[in-house]
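These notes concern the structure reproduced below.
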Amino acid sequence: MRRVRTGGRHVPRWVGTWLGLRGQGPRTDEAGHRHATWLELFLDLIFVYALGAVVARLGGDPTPSPSAVLAVIGLFVVIQWAWVGQVFYDTRFDPDDALHRLLVLFALVGAGAMTLGVDEVPESVLLPIGYLIVRGVLLLLYLRARPTSPMARIVTTIYLIGFGSGWLIWLVSLPAPTELRPTLWIIAMVIELATPWVGARWLNRWPVDNRHLPERIGQFTIIVLGSALASLLFAVPDHPGPHMILTAGLAFVIPAAVWWVYTTFVTTRLLQSRLRGGQAYSYLHIPLGGALLLLGWALGQVVRLVDHDAPRLPLELRLLLAASVIVWTVCGLALYWLWTRPSLARLVIAAYGVVSVSVITATVHDPRLMLSLLAAAIVGYAVLLSRRLARAGQASRAPEG
């Protein structure tokens, strides 16, 4: 029987023919750079709902407890890490054949279980079962890719040992007492998150695709921003009056400015030749994404308070707003630092963003006034930084011209 080669393994040709699938391989441009496949984009869909379920845990109380915020952050890390694992596999392997597609579709079932289980952790085992499915599929994919080359054997060994150890701890957590499960999950996540750093010496010998990885992480960041906008839009009442439309418009300006800055940074491709194994770039997007998710929820609460004619913003909400914007600003500066040492002007712009937001959220209590001043400050930050990034991008491309 004739067989087709798929990522170093052979499967019967009739399987791909019967399913209407062939080993097409990942999409590339003229320069050989990877681009997102239709399967990767399909995978993103379920994570839209997962992020919505995560932020929904905060509910409608504008004074969330620190434990509630920490729980949301922890769940966000689990969701994003489940997604990132597939991205790093795809950027190096991804045969995009019948067996690969079937395995990833099975991982989608696990992602769906995670989405359904977010609201009931740690009592329910639905989230850890879903995570075990998603990461189990990833381990199978690495086993499949292992014999394709000597470098693949090195890379897959690192991932199989580290991620496999974390997977076993997640498995052990299923029969564990409810109060012990979060501790086991934290231990497992620490092991998994440490794996790419411990193995960086070897992983950096096989650099990630310097366009595919930023493209995929950028797509996830846009998904997070979409969830932030959803939190904001759901806070607007039915049949809003002119003052509510204005309030919602001011709140919308803030994530729009974030989008403007982020897309400007990505499209300048300042980091194109500096990603190496991609660890620093991808890990910085974890706090960045979490900050944006919480920012959207906090803005939605401000809109609700304006609708209820609240005279003051609670301290907890103002602290969450400040922390979200500051973390986003600092992560942006760190991403810039991966490319080059920031100039004095870049540091001043970052300091302006941090100080202005801190002062506004600390001293202004009126919801409408605080929202107006915060929007103005962040738009000013976006304008200054975007101009700086555009100039830096032009300077980095000048020798090529």
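Results, tabulated for the structure shown:
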quantity	calculated
Criterion (surrounded by fewer than 17 Cβ atoms within 10 Å (Cβ to Cβ), under 25 Å from the mean Cα position of the chain (by Cα), assigned to a helix (DSSP H, G or I) and not hydroxyl-bearing (Ser, Thr, Tyr)) met by exactly one of VAL379, VAL327	VAL379
Residue match in the stretch 54-66 (condition: in contact with an Asp or Glu (Cβ under 8 Å, 6 or more places away or on another chain), crowded, with 19+ Cβ neighbours inside 10 Å and at negative phi)	yes
Any hit, the stretch 72-84, residues being of a type outside the set (Val, Ile, Thr), buried (at least 22 other Cβ atoms within 10 Å of the Cβ) and touching a Pro at 6+ places or on another chain (Cβ under 7 Å)	no
Filter result for GLY290 (in the same structural domain as LEU233 (by TED's automatic domain parsing), under 14 Å from the mean Cα position of the chain (by Cα), buried (at least 23 other Cβ atoms within 10 Å of the Cβ) and in contact (Cβ under 8 Å) with a residue 24 or more places away in the chain)	yes
Some residue of the stretch 350-359 being hydrophobic (A, V, I, L, M, F, W, C), over 27 Å from VAL266 (Cα atoms), surrounded by 13 or more Cβ atoms within 10 Å (Cβ to Cβ) and over 25 Å from the mean Cα position of the chain (by Cα)	yes
Residues of the stretch 187-203 classified as modelled with pLDDT of 95 or more and either closer than 15 Å to ILE79 by Cβ or of a type in the set (Lys, Arg) (or both), total	4
Given (1) crowded, with 21+ Cβ neighbours inside 10 Å; (2) modelled with pLDDT of 95 or more; (3) not aromatic (Phe, Trp, Tyr), number of the condition THR156 does not satisfy	(2)
Criterion violated by ILE222 - all others in (1) β-branched (Val, Ile, Thr); (2) under 13 Å from the mean Cα position of the chain (by Cα); (3) modelled with pLDDT of 95 or more satisfied	(3)
All helices (runs of 4 or more DSSP H) inside the stretch 159-275 with 3 or more residues being small (Gly, Ala, Ser)	212-234, 242-268
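The values are calculated or read from the model by the stated rules, or taken from the named source; none is laboratory data. Values in this document were obtained by computation on a predicted structure and should not be read as measured data. Cβ atoms come from the backbone with ideal geometry, glycine included; neighbour counts cover every protein chain shown.
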